[in-house]
Each structure stands twice: as structure tokens, then as C-alpha cells.
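Nothing in this text is a laboratory measurement; each read-out follows from the coordinates by a stated rule. Owing to the predicted nature of the structure, the values given are computational and were not obtained by experimental measurement. Ideal geometry is used to build each Cβ from the backbone, glycine not excepted, and the neighbour counts take in all protein chains shown.
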Amino acid sequence: MKIALVAGSHRREAESARVAQYIQRELNTLGISDTYLFSLSANPLPLWDEEVWEGGEKWKTLWGPVSQQLKSAAAVVVVAPEWSGMAPAGLKNFFLLCSGDVLAHKPGLIVTVSASLGGSYPVDELRTSSYKNTRLCYIPDHVIVRNVGQMLRGDQAADEHDAALRKRITYSLRVLIEYAKALQAVRDSGVVDLKTFPYGM
């Protein structure tokens with residue numbers, strides 16, 4: 001099984017990327033050795049335009065390799081910082097590019113990141129506005145990493161809050177893995193018809 005991770009911050013030194021790397025290591029500990037981490041801070045994508053539909057060379061070069069990695073994954077972890085109560089523009093642009101079967105009928109785990117006590121708004125935003133045409137199926141559980149500067153540093157938890165967060169991440173990843181097994185059967189069933197119904201309602 002392959003699981004993809006998307007670090008949704010396009011800042012150069014992004015805490016979201018560090019959190020995604022921690023989750024990637026935890027997936028390895030849980031027996032998922034095949035992972036793909038795509039960080040927007042290392043590879044910011046141009047704004048979506050109509051050339052995506054036309055198969056322009058720009059998008060074949062920039063998006064083609066990323067979309068192939070995502071297509072081959074059975075699940076995705078979306079790590080999103082909260083900026084002014086919103087998910088970053090670059091992450092929303094990423095979802096505009098995920099058309100067709102890139103993420104369709106695959107489970108997703110939302111992990112949001114806040115420098116203080118925020119982090120809830122991107123959860124609501126992603127559940128509301130990033131699934132319609134991607135067909136990404138977010139699992140009921142999500143994780144909010146508050147006070148991120150103090151969390152998930154080193155092999156040992158810094159305090160009880162860090163320890164509780166690590167346990168929550170491990171639990172949520174275990175649930176995600178089981179959803180990935182279950183939704184594979186849906187994708188293999190032959191019922192999904194993205195040619196006739198390419199867009200959600």
C-alpha cells in the first residue's frame with residue numbers, strides 16, 4: 001500500500017512540511033514503507049488555467065509526475081496550516097489540479113497546523129470545498145496540531161500534550177489505513193464512472 005502526503009504550506013520554512021515528515025516516519029513505523037511526500041514549499045505550482053484540460057506542455061512537465069504519484073496512492077494525508085483562518089491559496093490551487101481519478105474515492109486524513117491555539121477553520125474549509133470534483137473521501141477523524149513549534153520534535157514527547165498528539169496521530173493513521181483497504185474495493189468494483197459523471201453536484 002502506498003500513502004501520499006501533501007504539505008500544503010508554500011512558505012520556504014514551513015512547519016507543515018516538518019509535521020508531514022513526522023507523519024511519514026510514523027507511517028513507516030506502522031508498516032507503510034511506500035510513501036510519497038509532496039511539499040508545496042519545495043515545489044509551488046502555478047495557478048490553475050485551461051491548459052490543464054488541453055494537456056499543455058507546462059502542465060505535463062509540472063503536474064504530470066505529481067499526479068502519477070498521487071494516482072498510485074491508496075490514501076492521502078493533507079497537512080494544512082491555518083493562515084488568517086483559512087487554508088493556504090496554494091493548497092486550494094493544488095485541489096483544482098486534482099481532477100479525474102487522481103484522488104477519486106480514496107480516503108483522506110486532514111491534519112491542520114497552528115502556531116497558537118487555532119487550526120479548526122481549515123478543517124471545515126477542506127471538508128466543505130475540496131472534495132466535490134476530486135471525489136476525495138475524508139475520514140471522520142482529523143488532527144489539529146496546535147502550538148506546532150513545541151510539538152513533534154525529537155523521538156520523545158516533550159510533555160503530556162505532545163504525547164497525546166502523537167497518540168492521536170498514530171490512531172488516525174491506523175484508521176486511515178483501514179479505510180484505504182476498504183475503499184480499494186469500491187474503486188475496483190466497476191461502479192465508479194468518472195467518464196459519465198466527471199463532476200460532483
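A few comments on the model shown:
- In the range 1-99, the inverse of the mean reciprocal separation of distinct Cα atoms equals 14.1 Å; this is its Kirkwood hydrodynamic radius.
- Cα centre as origin, Lys/Arg/Asp/Glu Cβ charges: the chain dipole, Debye: 260 debye
- The range 25-41 - phi-based ³J(HN,Hα) in whole Hz, Karplus 6.51/-1.76/1.60, Gly and Pro as x: 5, 5, 4, 4, 4, 7, x, 9, 8, 9, 10, 9, 10, 10, 10, 5, 6
- For the residue pairs Lys71/Lys106; Lys92/Lys181; Lys106/Lys195; Lys132/Lys167, the alpha carbons lie more than 19 Å apart in Lys92/Lys181; Lys132/Lys167.
- Amide H contacts under 5 Å for Cys137: His105, Lys106, Gly108, restricted to partners 5 or more places along the chain or on a different chain, H placed in the peptide plane at 1.01 Å from N.
- Rh (Kirkwood; distinct C-alpha pairs) - the range 115-154, Å: 11.8 Å
- Largest-first ellipsoid semi-axes for the range 77-170, taking √(5λ) over the Cα gyration tensor eigenvalues, angstrom: 26, 15, 10
- For the range 2-188, the direction-averaged projected area of the alpha-carbon convex hull comes to 10.2 nm².
- Candidate cross-link partners of Lys58 among the aspartates and glutamates, defined by an alpha-carbon separation under 16 Å and a same-chain spacing of 8 or more, comprise Asp49, Glu50.
- J(HN,Hα) series, the range 61-72, from Karplus relation 6.51 cos²θ - 1.76 cosθ + 1.60, nearest Hz, glycine and proline x: 6, 7, 9, x, x, 5, 5, 5, 5, 5, 4, 7
- Our coupling estimate for the range 99-109, obtained by passing each phi through the Karplus curve with A = 6.51, B = -1.76, C = 1.60 and θ = phi - 60°, is 8, x, 9, 4, 10, 4, 6, 10, x, x, 10 Hz, Gly and Pro reported as x.
- Under the criterion of Cα pairs below 8 Å and six or more residues apart, the relative contact order for the range 2-188 equals 22 percent.
- Taking 0.36 nm per residue of sequence separation and removing the Cα-Cα distance, the Arg168/Val52 pair yields an extension gain of 38.0 nm.
- Relative contact order of the range 29-135, defined on C-alpha pairs under 8 angstrom at six or more residues apart (%): 29 percent
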